[in-house]
Amino acid sequence: MPAAPSVLTARALLLDMDGTLVNSDAVVERCWRRWALRHGLDPQEALKVVHGRQGYATMAVLLPDRPMEENHADNRVMLAEETADLDGVVPVGGAPAFMAAIAALPHALVTSADEALARARMGAAGLRMPRVRVTAELVGASKPDPEGFLKGAAELGFDPADCVVFEDSEAGIEAGRAAGMRVVGVGPRAGAFAPDVLVPDLTHVRVEADRAGDAIRLHVTS
């Protein structure tokens, strides 16, 4: 018999993109494997830390002695490569229906991608771009810093405690927690980092808004 659903109540939703709404693993792995090999690193080890962070922050973890300005320069090249490579970018299971269900509800995209990459990947996956979004250009610190989620909540006009984050990565889950928000982990990566609830994909989330329009209920099944 299937488990009874968990129910989370929120007033606003903050959504990561890669791994949460969009499956871009194929292109991420292609680009980062090339980068790792160019720098004499083991690609498999590099791929363990790339998800969730902005590129320059990942580079700082992998090459801790390299000047940060070189990481930022390399990140600009990486972003251009990723934006041009959309082969294999598809929606995460249930993402189209989920995005349709929350269209009239308070929500924001909070992603480590820049605006151009976010538009490219959301478009390739056939997903609507949220009106409110916090992309890489708008923050001074990458996840796991909570800045992006706090900015998203402020832009929507809600306290952090009233927001639920959807995330797939260690850095993103840590950022959501640091922002004082509850976290729905999406996909297999998230399971290792103890989100408040975990779903295989977005087909396991049913969204319900109350009639007054001031609360969102998330019915979540594992």
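The values are calculated or read from the model by the stated rules, or taken from the named source; none is laboratory data. Just so it is clear, the model here is predicted, and its values are computed rather than measured. Cβ placement follows ideal geometry from the backbone for every residue including glycine, while neighbour counts extend to all protein chains displayed. Remember, those area values only see protein heavy atoms, side chains included, never the ligands or the DNA or RNA. Shrake-Rupley method; radii C 1.70, N 1.55, O 1.52, S 1.80 Å.
Quick one: dipole size for the chain, taken about the Cα centre, charges +1 on Lys/Arg Cβ and -1 on Asp/Glu Cβ, in debye to the nearest 20.
That gives a dipole near 460 debye.
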Of the heavy-atom accessible surface of the chain (probe 1.4 angstrom), what whole percent is carbon and sulfur?
54 percent
May I ask you to derive the relative contact order of the range 149-222, considering only C-alpha pairs under 8 Å and at least 6 residues apart, and to give it as an integer percent?
21 percent
Please work out the average accessible area per residue across the range 1-70, using the 1.4 Å probe convention, and give it in Å².
49 Å²
Per residue, accessible area of the range 135-201 with a 1.4 Å probe, heavy atoms of protein chains only, in Å², comes to 39 Å²
Cα gyration tensor shape for the range 103-215, rounded if a/c is under 1.5, else prolate or oblate:
rounded
Summing +1 per Lys or Arg and -1 per Asp or Glu among the other residues with Cβ less than 14 Å from ALA120's Cβ gives -4
Paired Rg and Dmax values of the range 176-222, which use every Cα atom, in angstrom
12.1, 37
Just the number, please: percent antiparallel of the DSSP beta bridges in the chain, rounded to the nearest 5.
40 percent
With a Förster radius of 22 Å, plug the Cβ-Cβ distance of ALA194 and GLU45 into 1/(1 + (r/R0)^6) and report the FRET value to the nearest 0.05.
0.40
With θ taken as phi - 60° and the coefficients 6.51, -1.76 and 1.60, list the Karplus ³J(HN,Hα) couplings across the range 157-169 in order, rounded to whole Hz; mark glycine and proline as x.
x, 10, 5, x, 5, 8, 10, 10, 9, 10, 8, 10, 10
Dimensionless Rg/Rh of the range 60-99 - Kirkwood Rh, Rg from C-alpha atoms
1.22
What number results when the radius of gyration of the range 29-84, computed over Cα atoms, is divided by 2.2 N^0.38 Å?
1.00
In nm, to one decimal, how far is the modelled label at THR203 from the one at ARG128, with both set 7 Å along Cα→Cβ?
2.2 nm
Can you list the HN-Hα couplings for the range 105-120, worked out from phi with the Karplus curve (6.51, -1.76, 1.60; θ = phi - 60°), rounded to whole Hz and with x for Gly and Pro?
9, x, 7, 8, 8, 10, 10, 7, 6, 7, 4, 5, 5, 4, 4, 5
Using 1/(1 + (r/R0)^6) with R0 = 45 angstrom and r between the beta carbons of ALA215 and ALA26, what's the FRET efficiency to the nearest 0.05?
0.75
